[in-house]
Amino acid sequence: MKKSVGIIIGGRTVEHEVSIITGLQVLDNIDKTLYEPRIIYIQKDGSWYVGNSLHNINNYKVKKFDDAYEILPGFKNNKLVLYPHPDIRQGLFGKKYSTYEIDIVFPAVHGTNVEDGALHGLFQMNDVPCAFGSVLSSAVGMDKVIMKKVFESNNLPVVDYTWFYRSSFEEDKENILTECEKIGYPMIVKPANLGSSVGISKAKNYDELLFSIQVAMSYDRKVIVEKCVENVREINCAVMGFENDLTASLCEEPVGWEEFLTYEDKYVNKKKDASESKRRIPADIEKEVEEDIKKYAKEAFRSIDCCGDARIDFLYDGNNIYVNEINTIPGSIAFYLWEGIGISFTELVSRILKFAEIQHEQRKSNIISYDIDLLNKMGSSGKHK
């Protein structure tokens, strides 16, 4: 019997459109002899929709979804249940709207409010199998400050950085700018909790630093400022698995960028196959460097307790390797990094779903109820007898 898979896309995030691309790629490539997939679209206002018209990317371009209808998520017997929204009129002779049960959730989402653990928490709390890690790994992987602190504690190399809250900057701007300048120009300024290079800029002097911080603060209440490594190459590597069963992919080198990869570098390309036209796979690096990157990639994956598939991005200046960040739900699920070692997009999706079930079974084996009859052992005053 086929398992139903709910591929969640969209969400209240600036990476909404990137998510649509990833999700529809997964829909196209999922093994339909094993799974019955269904797109679940979260619009930018947070409302949820289902419908066959959501399976066609052209409908998103014109924003026209003829058969889509709003749903409310519910949970029953370890499944996600998609109920028609009660505001939808279903008269005796009117249109009927179906209710769907989902066995496994595949969140093909990117950015805050969805990839940061918020969505995983919904399913983890209701005991529904969900791909790509946990609340913890998603939250740590999204917050670049917490992520770097975890990496540092696991002896992974990271570039010099500092960080601050927006409120702190408003109260103590000059001291924070002084601390930033101790890193030395040039610097890369980023919102701490975004991906896809949104809100990132390079600062070569005081005025540019001030402007870059203002840009980053418009996207997030938390800002990270990093030392910019000059003449650097970006090398990326994906890791697949769970706990100690980990496999590293080929390494890739994005090419054609100048200072840092912009949103357009990553997703806007006029060539037919944008996923490959700006990448060198495998990356042209020494064998020893490749081995170190794969080792660091696995350790980064393990250190934040990832599951399924993640892409780890590195900076390499010819002498030093730095872990830049981890993407716990990478764009296009980083399928292009696996094809070169014989793992097709379809096989990758199947493996991610299998790891989701393994992770779910691991959670089910935990004791979640501790029966000591505490309430009856307490006196009427609330004090322990």
- Surface share of carbon and sulfur [accessible, 1.4 angstrom probe, percent] for the chain: 48 percent
- Task: Give the calculated FRET efficiency between residue 88 and residue 208 to the nearest 0.05, with a Förster radius of 51 Å applied to their Cβ-Cβ distance.
- Result: 0.50
- Query: In Å, what is the Rg of the alpha-carbon atoms in the range 76-167, and how long is Dmax?
  - Reply: 19.5, 66
- residue 211 accessible area, assembled protein chains, probe 1.4 Å, Å²: 140 Å²
- the range 319-371, Rg to Rh (Cα coordinates; Rh as Kirkwood inverse mean 1/r): 1.18
- So how far apart, in nm, are the two label points at residue 376 and residue 357 if each is 7 Å from Cα heading toward Cβ? 4.1 nm
- Rank 220, 245 by accessible area, highest first, at a 1.4 Å probe radius? 245, 220
- If one puts a single equal scatterer on every Cα of the chain and applies the Debye formula without solvent, what log₁₀ I(q)/I(0) results at q = 0.13, 0.14 Å⁻¹? -1.09, -1.22
- Message: Suppose only helical runs count, i.e. DSSP H with n ≥ 4. What mean residue ellipticity at 222 nm does that imply for the chain under -39500 (n - 2.57) per run, divided by all residues and rounded to the nearest 500 deg cm²/dmol?
- Response: -9000 deg cm²/dmol
- Item | Length gained when the stretch residue 55-residue 43 is fully extended (0.36 nm per residue, less Cα-Cα span) | 2.9 nm
- Message: So, R0 is 41 Å and r is the distance between the beta-carbons of residue 172 and residue 320; what FRET efficiency does that work out to, to 0.05?
- Response: 0.80
- Note on the structure: Expected max-MSF residue from 103, 28, 45 in the GNM of the chain (alpha carbon, under 10 Å) is 45
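Taking the Cα centre of the range 25-174 as origin and charging only Cβ (+1 Lys, Arg; -1 Asp, Glu), how large is the dipole, in debye to the nearest 20?
600 debye
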- Evaluate the charge dipole of the chain about its Cα centre and quote only its size in Debye, nearest 20, assuming +1 on the Cβ of each Lys and Arg and -1 on the Cβ of each Asp and Glu. 1480 debye
- Task: Note down the accessible area of residue 33, probe 1.4 Å, to the nearest 10 Å².
- Result: 110 Å²
- Item | Dipole axis of the range 45-128 (+1 Lys, Arg; -1 Asp, Glu on Cβ), positive-most option in 114, 72, 85 | 85
- Query: In the range 281-385, how many lysine pairs have Cα atoms under 17 Å apart, counting only pairs 8 or more places apart or on different chains?
  - Reply: 4
- Query: Under a GNM of the chain (C-alpha, springs under 10 Å), which listed residue has the highest mean-square fluctuation: 334, 131, 283?
  - Reply: 283
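Given a Förster distance of 56 angstrom, what is the FRET efficiency for residue 72 paired with residue 231, based on the Cβ-Cβ distance and rounded to 0.05?
After rounding, the FRET efficiency stands at 0.60.
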- Note on the structure: Probe 1.4 Å, heavy atoms of protein chains only: per residue, the accessible area of the chain in Å² is 49 Å²
- Message: Please give the charge dipole size of the range 96-200, origin at the Cα centre, charges +1 on K and R Cβ atoms and -1 on D and E Cβ atoms. Round to the nearest 20 debye.
- Response: 200 debye
- Based only on Cα atoms, what Rg/Rh ratio does the range 1-125 have, Rh being taken as Kirkwood's radius? 0.95
- Item | Point-to-point label distance, residue 126-residue 149, nm (Cα→Cβ direction, 7 Å offset) | 3.2 nm
- Name the most mobile residue of 166, 89, 280, meaning the one with the largest mean-square fluctuation, in a Gaussian network model of the chain with Cα contacts below 10 Å. 89
- Message: Taking a ≥ b ≥ c as the square roots of the Cα gyration tensor eigenvalues, with a/c under 1.5 meaning rounded and otherwise prolate when a/b beats b/c, else oblate, which class fits the range 109-148?
- Response: prolate
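The values are calculated or read from the model by the stated rules, or taken from the named source; none is laboratory data. Keep in mind it's a predicted model, so treat the numbers as computed, not measured. For neighbour counting, all protein chains shown are included, and Cβ atoms are generated from backbone atoms with ideal geometry for every residue, glycine included. In case anyone asks, the SASA skips ligands and DNA or RNA and just uses the protein heavy atoms, side chains included. Shrake-Rupley method; radii C 1.70, N 1.55, O 1.52, S 1.80 Å.
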